[in-house]
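Right, one structure below, let's go through it.
The values are calculated or read from the model by the stated rules, or taken from the named source; none is laboratory data. Quick caveat: nothing in here was measured; it's all calculated off a predicted structure. Reconstructed Cβ throughout: ideal geometry from the backbone, glycine too, with neighbour counts over all protein chains shown. With ligands, DNA and RNA removed, areas are computed over all heavy atoms of the protein, side chains included. Shrake-Rupley method; radii C 1.70, N 1.55, O 1.52, S 1.80 Å.
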Amino acid sequence: SDEFFVRFVGQLRVDAGRVLRGVHAVLQWAAEACAAAGQRTRAALAKAVAARAETRRSLEAQVKQVEQAVLASEMALTRMGRWLDPATGVCADKYERTAAALQELQACRRRLQELLQRGARSSQTLEAC
């Protein structure tokens with residue numbers, strides 16, 4: 001009976017050694033897989049940050065162009081206001097079209113500025129990662 005327990009304990013030690021070697025192999029694989037995933041994640045985040053920066057630059061350029069168009073439309077309306085003859089309606093249709101275009105440009109500018117602000121918050125979040 002003692003001999004059985006001695007053999008049983010010996011076999012347990014052998015089995016435990018096999019399990020321990022398997023655990024070490026699994027831990028090594030997990031460490032390598034986590035390191036590789038971390039590198040891929042950092043690369044993806046860097047790429048996303050760069051893409052956001054490019055988008056921000058593009059939006060800033062578009063905002064600037066729309067602002068210039070708004071200014072030009074405002075100046076055009078001011079000039080047309082001098083020519084506008086309420087009695088005859090001369091230039092009234094052109095004035096109304098320009099005023100409508102100005103409103104659309106102003107709305108476009110607001111949307112672009114909102115997108116720019118959201119993009120800035122998104123970039124800050126990505127950079128924090």
Review point. Looking at the range 65-77, which of its residues are surrounded by 11 or more Cβ atoms within 10 Å (Cβ to Cβ) and free of Cβ contacts under 8 Å to residues at least 12 places away in the same chain?
Key: Gln65, Gln68, Leu71, Ala72
Exercise for review: Go through the range 49-63 and give me each residue that's surrounded by 11 or more Cβ atoms within 10 Å (Cβ to Cβ) and of a type outside the set (A, V, I, L, M).
Suggested key: Arg52, Thr55, Arg56, Ser58, Glu60, Gln62
Point to revise | Number of the condition not met by Met80 [criteria: (1) surrounded by 15 or more Cβ atoms within 10 Å (Cβ to Cβ); (2) touching a Leu at 6+ places or on another chain (Cβ under 9 Å); (3) at pLDDT below 90; (4) of a type in the set (A, V, I, L, M)] | key: (2)
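Go through the range 89-129 and give me each residue that's outside any helix (DSSP H, G or I) and either open to solvent by 90 Å² or more (accessible area, probe 1.4 Å) or among the charged types (D, E, K, R) (or both).
Cys129 - this is the single residue of the range 89-129 that is outside any helix (DSSP H, G or I) and either open to solvent by 90 Å² or more (accessible area, probe 1.4 Å) or among the charged types (D, E, K, R) (or both).
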